[in-house]
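Asks: This is the structure I want to talk about, given as structure tokens.
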Amino acid sequence: MLKIAHIVNPVNAKEGSELAVAQPITFETMRQAAVSPHPTTHVHLFAIAYPEDEPVMPAGFTHLPPLTQSVLDVGRLAPPRKLPLLRHILDALYAASDADFFVYTNVDIALQPHFFTAVSHHIAAGHDAFVINRRTIPKTHTRVEDIPHMLAEPGEPHRGWDCFVFRRQAYSHYQLGDVCLGAPRVGLALLANLIAFAGNFAEFKDEQLTFHLGDDRSWRSWRPSDYERHNTRELMAVLARLERERGAFPRHTPPGAFLAKKRTLGPFYELWTRLAHVPIGWSRRLNGVIGKQ
């Protein structure tokens, strides 16, 4: 029996906000997907949050002990935002579950009903770590009752990383530093660890297995926030440690491409990533050009 543990971090978001709309949809699609996986697969859903987030903790999930620390405990950042460290969430799952594989997704990422069946098939095919890139669907439907319509939307591919599957036994080697949720670069830090410690990593870019409502990119601005700067510093330290221990990332991998672009474009790369909505095809071609240098 293949055991999978899937964790999310609920947030008691302001009524009417993107998270407040998305989370109930995420929770319901997770519950639906968990009851219909491959017959030899068992799925256990987990949630962890701060005490003040208790009102939105989902039914049908195992609720882990509340988080007690945030990024504000490791840095002086303004304005103060109580954002959790990724390692605290995954450490809690590691302590609570003996599952063969862990799944971590952003709390605004919803699942197709066959999500865990597909995950089981990818594991059976020999992949010991992989990411599944989401599809972005229109905000035409926003209620839990509208989920059947959302599932039917083909959506558009998205370049970001927000769904991670990896072996529990590999997690003890991961180097996540103090990257926090809610700011850019947290996904790349986790992705780099998946790649560094996997025997057969894969990135599934165009599968219709997860979806997100809209693509507003509300984090874009002319100036990076304290939290983006913090995550970028932590990411660079994480990548340096991983390369010392595991060797340089090939340039065709996302961490290798990131480092190559940082070295090639310098501060212009940071400006481009914040402001330019480059079509995904152009982005992939740019990665290819830089990767050949």
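The values are calculated or read from the model by the stated rules, or taken from the named source; none is laboratory data. The structure presented is a predicted model; accordingly, all values stated were derived computationally and were not measured. Reconstructed Cβ throughout: ideal geometry from the backbone, glycine too, with neighbour counts over all protein chains shown.
Asks: For the stretch 162-182, enumerate the residues that are among the aliphatic types (A, V, I, L, M) and either under 13 Å from A237 (Cα atoms) or touching a Lys or Arg at 6+ places or on another chain (Cβ under 9 Å) (or both).
Replies: Within the stretch 162-182, L176, V179 qualify.
Asks: Taking the condition assigned by TED's automatic domain parsing to the domain that holds A196, of a type in the set (D, E, K, R), at pLDDT 95 or above and surrounded by fewer than 19 Cβ atoms within 10 Å (Cβ to Cβ), does R76 pass?
Replies: no
Asks: Identify the single condition in (1) in contact with a helix residue (DSSP H, G or I) (Cβ under 6 Å, 6 or more places away or on another chain); (2) part of a loop (DSSP other than H, G, I, E, B); (3) of a type in the set (A, V, I, L, M, F, W, C) that A49 does not satisfy, given that it satisfies every other one.
Replies: Evaluating A49 over (1) in contact with a helix residue (DSSP H, G or I) (Cβ under 6 Å, 6 or more places away or on another chain); (2) part of a loop (DSSP other than H, G, I, E, B); (3) of a type in the set (A, V, I, L, M, F, W, C) leaves (1) as the failure.
Asks: Taking the stretch 57-73 only, how many residues are crowded, with 18+ Cβ neighbours inside 10 Å and not in a loop (DSSP other than H, G, I, E, B)?
Replies: 1
Asks: Now for a different question. So which residues in the stretch 86-111 are under 16 Å from R167 (Cβ atoms) and touching a Ser or Thr at 6+ places or on another chain (Cβ under 8 Å)?
Replies: Within the stretch 86-111, just Y94 meets the criteria.
Asks: Can you pull out every residue in the stretch 20-70 that is closer than 20 Å to N106 by Cβ, of a type outside the set (A, V, I, L, M) and touching a residue at least 60 places away in the same chain (Cβ under 8 Å)?
Replies: Within the stretch 20-70, Q23, P24, T26, E28, T29, Q32, S70 qualify.
Asks: Could you figure out which of (1) modelled with pLDDT of 95 or more; (2) hydrophobic (A, V, I, L, M, F, W, C); (3) surrounded by fewer than 18 Cβ atoms within 10 Å (Cβ to Cβ) isn't true of W219?
Replies: With (1) modelled with pLDDT of 95 or more; (2) hydrophobic (A, V, I, L, M, F, W, C); (3) surrounded by fewer than 18 Cβ atoms within 10 Å (Cβ to Cβ) applied to W219, the lone miss is (1).
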